[in-house]
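> I'd like to ask some things about the structure below.
The values are calculated or read from the model by the stated rules, or taken from the named source; none is laboratory data. All values reported here derive from a predicted model rather than from experimental measurement. Counting neighbours? That spans all protein chains shown, and the Cβs are built from the backbone with ideal geometry, glycine included.
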Amino acid sequence: MTQVLSKTSAPRLVQHDRSWEQFKHIQKGFEGSPGVRLFYYEGTIEILMPGLDHEFFKSVIGMLLELFFLAKEIEFAPTGSVTQERENVVSAQADESYCIGQPKTPPDLSIEVIFTSGSATKLQRYQALGVPEVWFWEDGVFSLYHLREHGYERLERSAIPALATLDLAHLSRCVLLAETSRLEAARAFRQGL
């Protein structure tokens, strides 16, 4: 077992060469443990206990994105960090996830707040799940990836039609502004729509 500490000292445990059955036993053992996130892909199990900074940024991003959906009158279903799985292959929990329109599996968009390395591994997980678009928030910047026939392609703008007009630079500024004031961040975000 490997333990890695993130920038915010949130523990991250990694176990290699594990079976799907072993993962399911570990997952069952953590049932009812709020704040514990579990991942599985290609025999590797990752257990993450996000810190306060991580939870703050994922919540602020979700709040602002939902303001965008409401302002643009886009029907959406927030699916949060629901567990997405393909049996014997992959299990992942996004920090935030959304379906455009009605709920579906997989969601149209998964968002990850990154405080440690691992975005390439996370993309592989989401590709195995068939998630159409993945956004990473790292060091105050969004990186967007849209699933194409041969893997994810990095984009400057969302390829999801409902999100194509979203100004990501403005969203990033408002996420950072929220560190000082959530109300001011929401007000600035709405004004920039």
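> Using the structure shown, decide if Asp95 is touching a Cys at 6+ places or on another chain (Cβ under 7 Å) and either in contact (Cβ under 8 Å) with a residue 24 or more places away in the chain or of a type in the set (A, V, I, L, M) (or both).
Spelling it out, it is not the case that Asp95 is touching a Cys at 6+ places or on another chain (Cβ under 7 Å) and either in contact (Cβ under 8 Å) with a residue 24 or more places away in the chain or of a type in the set (A, V, I, L, M) (or both).
> Out of curiosity, is Pro78 within 21 Å of Phe39 (Cα to Cα), in contact (Cβ under 8 Å) with a residue 24 or more places away in the chain and in contact with a Cys (Cβ under 9 Å, 6 or more places away or on another chain)?
Numbers: within 21 Å of Phe39 (Cα to Cα): yes; in contact (Cβ under 8 Å) with a residue 24 or more places away in the chain: no; in contact with a Cys (Cβ under 9 Å, 6 or more places away or on another chain): yes.
The answer is no for Pro78.
> Could I ask something else about it? Can you tell me which condition Arg125 does not meet? The list is (1) under 24 Å from Gly43 (Cβ atoms); (2) more than 16 Å from the chain's Cα centre (by Cα); (3) among the basic types (Lys, Arg), and all the others hold.
With (1) under 24 Å from Gly43 (Cβ atoms); (2) more than 16 Å from the chain's Cα centre (by Cα); (3) among the basic types (Lys, Arg) applied to Arg125, the lone miss is (2).
> Also, quick follow-up: Would you pick out the residues in region 44-73 that are aliphatic (A, V, I, L, M), in contact (Cβ under 8 Å) with a residue 24 or more places away in the chain and in a helix (DSSP H, G or I)?
Leu52, Val60, Ile61, Met63, Leu64, Leu65, Leu67, Ala71, listed by residue number.
> Could you run through region 15-43 and say how many residues are part of a strand (DSSP E or B) and closer than 22 Å to Ile111 by Cβ? Write out each step before concluding.
Within region 15-43, the first condition is being part of a strand (DSSP E or B), and the residues that meet it are 15, 37-41.
Subsequent filtering for residues that are closer than 22 Å to Ile111 by Cβ retains 37-41.
So the count comes out to 5.
> Are there any helices (runs of 4 or more DSSP H) wholly within region 104-193 with 1 or more residues that are in contact with a Pro (Cβ under 9 Å, 6 or more places away or on another chain), and if so which? Working first, answer last.
Working: elements: 119-129, 168-177, 182-191.
In region 104-193, the matching helices (runs of 4 or more DSSP H) lie at 119-129.
> Being surrounded by 15 or more Cβ atoms within 10 Å (Cβ to Cβ), over 19 Å from Ile74 (Cβ atoms) and out of contact with any Lys or Arg (no Cβ under 8 Å at 6 or more places or on another chain) is the filter here; which residues of region 138-154 pass it? Outline the logic, then answer.
Step one: filter region 138-154 for residues surrounded by 15 or more Cβ atoms within 10 Å (Cβ to Cβ), giving 138, 142-147, 152.
Those still in the list that are over 19 Å from Ile74 (Cβ atoms) too: 138, 143, 145, 147, 152.
Glu138, Leu147, Tyr152, listed by residue number.
> Okay, moving on. Can you tell which of Pro132, Pro161 is more than 23 Å from His54 (Cα to Cα) and surrounded by fewer than 16 Cβ atoms within 10 Å (Cβ to Cβ)? Can you show your working first?
Values: Pro132 fails: surrounded by fewer than 16 Cβ atoms within 10 Å (Cβ to Cβ).
Checking each option against the conditions leaves just Pro161.
> For Ser119, indicate whether it is modelled with pLDDT under 95, within 13 Å of the chain's Cα centre (by Cα) and not acidic (Asp, Glu). Working first, answer last.
Values: modelled with pLDDT under 95: yes; within 13 Å of the chain's Cα centre (by Cα): yes; not acidic (Asp, Glu): yes.
Answer is yes for this residue.
Let's see how each residue does on (1) closer than 29 Å to Ser181 by Cβ; (2) at pLDDT 95 or above; (3) touching a strand residue (DSSP E or B) at 6+ places or on another chain (Cβ under 6 Å); (4) among the β-branched types (Val, Ile, Thr):
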| residue | (1), (2), (3), (4) |
| --- | --- |
| Gly43 | no, yes, no, no |
| Gly51 | yes, no, no, no |
| His54 | yes, no, yes, no |
| Ala71 | yes, yes, no, no |
| Phe76 | yes, yes, yes, no |
| Thr83 | no, no, yes, yes |
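> If I ask for residues that are more than 16 Å from the chain's Cα centre (by Cα) and over 23 Å from His170 (Cα atoms), which ones from region 65-109 would you list?
Arg86, Glu87, Asn88, Val89, Gly101, Gln102, Pro103, Lys104
> Here are some conditions: (1) in contact with a helix residue (DSSP H, G or I) (Cβ under 9 Å, 6 or more places away or on another chain); (2) surrounded by fewer than 16 Cβ atoms within 10 Å (Cβ to Cβ). Glu73 meets all but one. Which one does it not meet?
(1)
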